[in-house]
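First comes the structure, then the notes that go with it.
Please treat every number below as a calculation from the coordinates, not as lab data. Just so you know, these numbers come straight off a predicted model, no measurement behind them. Quick reminder, even Gly has a Cβ in these numbers, built from the backbone with ideal geometry, and neighbours come from all protein chains shown.
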Amino acid sequence: MRPAYDHGEDPSEVVAALRRGTLVPALLIALLSSAAIGVAAGASAAPTAIRVQLPVVNGTAPDNSTRMRQYWQAELGLRKTYDRRLIWRLASPSVRPGRIKFGSPRSVVVGGGSAWGPGVDIWWHPVTVTARDGRKAQWVLVTVQEWPGESERMADLLPLARLPSLHSQVHETARPAAAKVVERYFEDLVAGRVAAAKSLMAPQSGGSPDLALRTATQVRFEGGTVDRVGRASFYDLCFGADVRYPEGAPRRSGGNTYFFAVSNLNGPWQILSEGSGP
């Protein structure tokens with residue numbers, strides 16, 4: 001799977017958090033510790049200040065900041081209409097402008113946030129909304145970038161306190177439909193049905209099955225996590241298997257751990273990405 005990276009955070013810290021399964025707690029800490037930005041107390045009659053702090057990094061589109069500013073202008077009623085292309089195709093209803101009543105706040109600050117990439121890039125952006133009386137509210141704006149280089153689209157907008165509800169553990173005793181897709185993938189490769197295995201892979205995956213898994217035995221589901229983004233779910237699943245690798249291969253033969261990202265992004269459960277680790 002592609003490594004996690006960020007809009008302004010230390011990538012090594014985000015990757016470490018992902019490996020520990022603690023991305024959401026890490027983001028909570030970052031959000032709570034971020035400094036809110038406002039304007040002078042006497043500026044109650046001034047228009048709402050909208051600040052978007054998104055540096056352009058590898059893989060992101062240069063117009064992301066502009067698009068997010070346009071989104072917030074529509075959300076606050078500063079525009080009569082909004083560009084529907086700003087909204088992700090599987091967005092939560094709450095992300096549609098006007099569904100949440102912010103009134104006329106003093107300022108809105110959209111922070112850099114962090115992202116993870118299970119075949120698509122999902123970004124978590126901290127948002128601080130400062131009311132005219134100085135009270136601050138913390139929100140999270142979730143965006144999705146389905147293909148490299150395209151602009152992020154708004155997928156969800158929710159209070160910070162609700163963020164943990166989007167992330168949960170999948171116990172090793174569970175057999176969700178997402179895990180069954182990976183089990184079928186192993187079975188097809190072991191049986192030599194490469195085309196069938198490839199059909200279980202989403203277009204975003206690149207569609208190149210790991211042919212070394214044709215020798216897999218003792219395949220076992222070891223659990224994982226699930227993140228809910230808009231109306232889609234992304235399972236990050238861990239499998240163990242004994243696999244024989246040829247001499248000189250980058251991986252050793254024997255017991256290995258494999259990671260799969262599986263989603264209903266395109267309707268049926270499909271594999272978005274696969275990788276292996278120690």
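Here is how the numbers come out for the structure above:
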| item | result |
| --- | --- |
| Unit charges at the beta carbon, dipole of region 92-145: most positive-side option, T143, W116, P93 | P93 |
| Charge context of D63, other residues only, Cβ under 14 angstrom, K/R +1, D/E -1 | +1 |
| Linear extension gain, E172 paired with T257, 0.36 nm per residue minus alpha-carbon span | 29.2 nm |
| Per-selection metrics, region 224-275 (Cα): Rg and Dmax in Å | 14.2, 45 |
| Where labels lie 7 Å past Cα in the beta-carbon direction, separation of V57 and E150 in nm | 2.1 |
| For S107, distant residues with modelled amide H under 5 Å away | A49, T130 |
| Long-range HN-HN contacts of S276 with modeled amide H, under 5 Å | F259 |
